[in-house]
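One structure is given here, and the rest of the page talks about it.
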Amino acid sequence: MPTQPNDPATPPSEATLRAAALEQLKKGSNPFATQVAAVGTADESLLTSVPEFGGNQLAELLDIVGLYRSERPTTRVYPILGDRGSGKTHLLYSLREELRGRAADTGDETLVVVVERLSPGMDAIDYLLWQIVNHLLAQRGEGGRLLGVIAGRLTGRILGEALRQLGPHQRVALIPSGGFWSRLGIGGGSKAQAKLEAIDNVIQQCDAKHPTTVQLRGAVEEAGLTPEIAMGVIQQHLDRTESKDVVGWLRKELYARLARVALLNDREPFEDLHGGDFEDTRANVKNAGNLGRRLLETWLELLSVLNIPVVVVFDQLEDYVNASDPEQRKLNRTFFTDSTAKFINELRNVCLLVFSENALWFELVTLAEGFSRERLTQPFALPGRPAKPHLVMPTRVDSGVLEKLIGSRLRAKFEDLDLTGLPPTFPFEAADLKKFGAEPSIRMCLRGMGKRYDEIVHKQSSIIQLPDDRKPPPSQPDFKKRLAALWREKVSGVAKEIGNATYSSTAFIPEVQNALDGWLQCLFQHDITGSGPWHKVELVTDTKKNQYGYLCVIRTNGKNAPGIGIGAWLGQAKWLPFDLKQRAAFFKLNPCPISTLIMLRADGDAALSGPRAKEVFDAAIAKHDIRVHQYEPHHLHDLMAFSAWHQASTAELQTTKETDPNAEKAFRDFLAELSKELIAWIDDWRKPHLMPQPVSKGAKT
């Protein structure tokens with residue numbers, strides 16, 4: 001019987017489809033190679049997300065945040081525990097993405113503060129204040145958007161209430177006669193009634209669920225009011241309703257300046273309030289002490305009134321507290337437990353999320369002082385669920401999640417890959433999934449997938465095992481390439497966020513000093529100190545100076561000898577000389593922490609062109625070694641990216657060390673190369689400096 005020709009409509013076999021798909025996979029990179037969420041960007045991590053993994057934990061976290069929106073629970077810590085690689089950072093990314101989505105969809109805003117590092121010696125409460133303020137002072141991005149949201153909702157509440165409390169004749173008097181009203185042909189009683197109706201329309205707009213700055217400005221303009229008159233109404237209302245004590249003064253000042261942001265798009269008074277100079281205020285305010293702390297309490301009260309939860313996050317707790325030096329590690333751990341207990345004890349309505357390894361968390365709370373331990377181990381209860389002391393990450397990945405994980409990773413890397421006719425586990429077999437599911441963490445599961453993927457796609461067999469003395473040397477260049485790629489990624493993210501502009505508000509001083517301290521501490525721990533040893537690196541603080549009370553100090557002549565102080569000089573306009581004067585005052589501390597003061601300044605010596613700044617500088621250098629060092633925008637990008645890079649690269653190092661015995665050395669070499677310019681600066685600052693002398697009047701030149 002003759003052979004019939006193949007039916008062209010017959011679909012290709014699974015083997016044919018598999019072979020074609022494998023050929024396509026060979027042309028791309030391994031989609032399972034990234035096994036650490038912190039190594040990639042949040043967007044990359046979410047792109048391959050499988051909601052079913054960690055879904056219960058995410059739901060509970062959202063319920064916890066929801067409590068701080070609908071109620072007024074006390075400040076407490078919510079630990080999220082899991083072994084390294086269990087998906088904690090990915091869970092945080094998912095939580096933030098979900099919160100952003102809810103803000104966009106329903107207006108349910110959340111202020112999330114991720115603590116990048118907390119230097120021992122820094123006042124934890126002050127740090128939180130400046131993190132909140134810095135977020136809102138951003139000229140663009142999420143912080144700038146949220147400032148507009150807060151300003152709009154607060155101004156709507158105050159303006160609506162202020163207008164309601166006015167009598168009819170007072171409301172009518174707010175809208176000037178003539179002009180707008182004359183063009184409408186309205187006069188006499190009709191004019192008065194029309195004005196009252198216009199004011200009522202403004203009140204209705206103010207009473208909307210989430211009034212925006214654009215809506216408020218439009219309502220005021222449509223009513224024939226001027227923004228300045230509306231501001232006057234708000235100011236008079238605040239003068240009448242707020243107390244004359246420090247709390248009332250701060251509330252009145254903060255609310256009025258936020259109203260100027262909303263109605264006049266004027267940010268300068270708002271920024272000035274956070275400049276830190278309260279010398280010109282009333283005596284009872286100026287002498288009250290600790291105004292920074294009181295300002296934070298005012299902020300927390302406002303956010304609570306607006307139903308905007310404040311969520312403070314510590315991600316990968318081990319990165320905050322661990323150090324190569326046992327003494328430093330002990331100091332870090334004690335500082336963390338004491339600071340967290342201080343948050344709980346002194347602040348209201350703050351949600352603290354701590355993502356930590358199991359063993360580390362239990363060790364921390366066991367060794368903590370009794371007062372701190374009681375506050376860190378308080379159980380919490382969610383509606384319909386029993387009380388618990390912490391959340392726990394999943395320890396196994398079931399087959400359904402594995403299938404979705406495989407599919408999401410393949411789609412992310414191969415958008416044009418057609419998987420029609422292939423099993424959902426392609427390119428793996430059922431036996432592979434059983435093995436993957438037995439791994440103790442999602443990271444180990446992905447690592448097994450990555451290895452097996454190469455065996456299948458690139459025919460790399462793992463059956464033949466060479467003796468240890470015949471194994472090829474580890475590939476250090478590949479690890480360094482990954483470190484370099486991480487660095488470019490983190491710097492690019494910072495550059496995109498802040499652009500070529502430099503921070504122009506003194507409120508950013510604590511954040512910049514904290515970042516610099518992190519870099520210096522890292523160099524100190526790896527003994528990368530340039531031309532000579534460093535005996536100690538610390539962040540010296542003086543809380544009486546508010547944001548100006550932070551200075552990084554490198555002690556090069558002895559552990560307790562005065563060292564090199566490094567300050568970020570960010571003050572502009574009237575804050576420029578004030579900033580300089582506050583930093584120079586560190587020489588007056590007893591014991592004096594510094595012998596040299598380096599002021600990092602974007603415009604360098606040009607900052608001294610103003611008469612007041614020159615006067616302050618000349619008076620200071622007559623007594624002390626003070627130098628101005630200019631930096632470029634890319635230096636600031638590097639500095640602000642270092643902490644995120646160090647966190648991600650440390651996670652990558654922990655993974656690489658398991659197969660590469662030289663990974664530690666490769667990491668140190670890369671860190672030294674990365675820090676070459678900073679080390680060169682510090683070596684130059686160590687040299688004796690001829691103090692410039694002010695030119696006296698009438699001197700010959």
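Counting Lys and Arg as +1 and Asp and Glu as -1 over every other residue whose Cβ lies under 15 Å from the Cβ of Ile554, the net charge comes to 0. Each label point was placed 7 Å from the Cα along the Cα-to-Cβ direction; for Glu228 and Lys286 their separation is 3.0 nm. So if we plug the beta-carbon distance of Gln170 and Arg348 into 1/(1 + (r/R0)^6) with R0 = 41 Å, what FRET efficiency do we get, rounded to 0.05? According to the calculation, E is roughly 0.65. Quick check on my link table: of Lys545/Lys574; Lys496/Lys614; Lys286/Lys623; Lys574/Lys614; Lys404/Lys435; Lys286/Lys588, which ones sit more than 24 Å apart, alpha carbon to alpha carbon? Lys496/Lys614; Lys286/Lys623, as the Cα separations exceed 24 Å there.
Working note: Debye formula, equal point scatterers on the alpha-carbon atoms of segment 533-631, no solvent; log10 I(q)/I(0) at q = 0.15, 0.18, 0.20, 0.21 Å⁻¹ is -0.56, -0.79, -0.97, -1.06.
FRET efficiency for Asn56 and Glu374, Cβ-Cβ distance as r, R0 = 22 Å, nearest 0.05?
Given R0 = 22 Å and the Cβ-Cβ separation, E is 0.20.
With everything on Cα atoms, drop me the angle between helix 442-457 and the longest principal axis of the chain, reported from 0 to 90° to the nearest 10. Around 50 degrees separate the two axes. Mean separation of Cα pairs under 8 Å and 6 or more residues apart, divided by the residue count, gives segment 99-165 a relative contact order of 14 percent. What the phi angles of segment 16-25 give under the Karplus curve with 6.51, -1.76 and 1.60, with θ = phi - 60°, is a coupling list of 5, 4, 5, 4, 5, 5, 5, 4, 5, 5 Hz, glycine and proline written as x. Close amide H pairs (under 5 Å, H built 1.01 Å from N) link Val113 with Val311, Val312, Val313, residues at least 5 positions away or on another chain.
For Leu551, the amide hydrogen comes within under 5 Å of the amide hydrogens of Val540, counting only partners 5 or more places away or on other chains and with H modelled in the peptide plane. Excluding same-chain neighbours fewer than eight residues apart, the aspartates and glutamates reachable from Lys26 by a Cα-Cα span under 13 Å are Asp454, Glu455. Cross-link reach is defined here as a Cα-Cα straight distance under 17 Å, omitting same-chain residues fewer than 8 places apart; for Lys559 the aspartates and glutamates meeting it are Asp325, Glu327, Asp517, Asp527, Glu538. Taking the centroid of alpha carbons for each part, segment 206-259 and segment 605-667 are 41 Å apart.
Sorting Arg145, Arg251 on solvent-accessible area from highest to lowest, probe radius 1.4 Å, gives Arg145, Arg251.
Please identify which residues in segment 523-540 have an amide N closer than 15 Å to a label point set 7 Å out from the Cα of Asn557, following the Cα→Cβ vector. In segment 523-540, the label zone of Asn557 (backbone N under 15 Å from the point 7 Å along Cα→Cβ) covers 533-536.
With a cut-off of 15 Å on the backbone N, the residues of segment 400-422 near the modelled label site 7 Å out from Lys27 along Cα-Cβ are 413-419.
Net charge of the neighbourhood of Lys27, taken over other residues with C-beta under 12 Å away and scored Lys/Arg +1, Asp/Glu -1, is 0. Taking each of Lys209/Lys388; Lys480/Lys676; Lys88/Lys388; Lys330/Lys676; Lys342/Lys544; Lys413/Lys434 in turn, the alpha-carbon distance tops 27 angstrom for Lys209/Lys388; Lys330/Lys676. For Arg164, the accessible area of its heavy atoms, probed at 1.4 Å with every protein chain present, is near 100 square angstrom. Backbone phi angles across segment 132-137, fed through the Karplus curve with coefficients 6.51, -1.76 and 1.60 (θ = phi - 60°), yield HN-Hα couplings of 5, 5, 4, 4, 7, 7 Hz in residue order; Gly and Pro are listed as x. Helices in the chain, meaning DSSP H runs of at least 4 residues, each add -39500 (n - 2.57). Divided by all residues, the mean residue ellipticity at 222 nm is -17500 deg cm²/dmol. Only beta bridges with both residues in the chain are counted; by DSSP, about 25 percent of them are antiparallel. What is the angle, in °, between the Cα long axis of helix 88-106 and the longest principal axis of the Cα atoms in the chain? Nearest 10 is fine, range 0 to 90. Helix 88-106 sits at roughly 50 degrees to that axis.
Sorting the Cα pairs of segment 552-701 by distance into bins of 5 Å, from 0 upward, gives 2, 8, 14, 17, 16, 14, 11, 7, 5, 3, 2, 1, 0, 0, 0 percent per bin. By how many degrees, 0 to 90 and rounded to 10, does the Cα axis of helix 676-686 deviate from the longest principal axis of the chain? Value to nearest ten degrees: 50.
The values are calculated or read from the model by the stated rules, or taken from the named source; none is laboratory data. Since the structure is predicted, the reported quantities are computational estimates derived from the model, not experimental observations. Quick reminder, even Gly has a Cβ in these numbers, built from the backbone with ideal geometry, and neighbours come from all protein chains shown. Note: accessible area is taken over every heavy atom of the protein model, side chains too, but ligands, DNA and RNA are not part of it. Shrake-Rupley method; radii C 1.70, N 1.55, O 1.52, S 1.80 Å.
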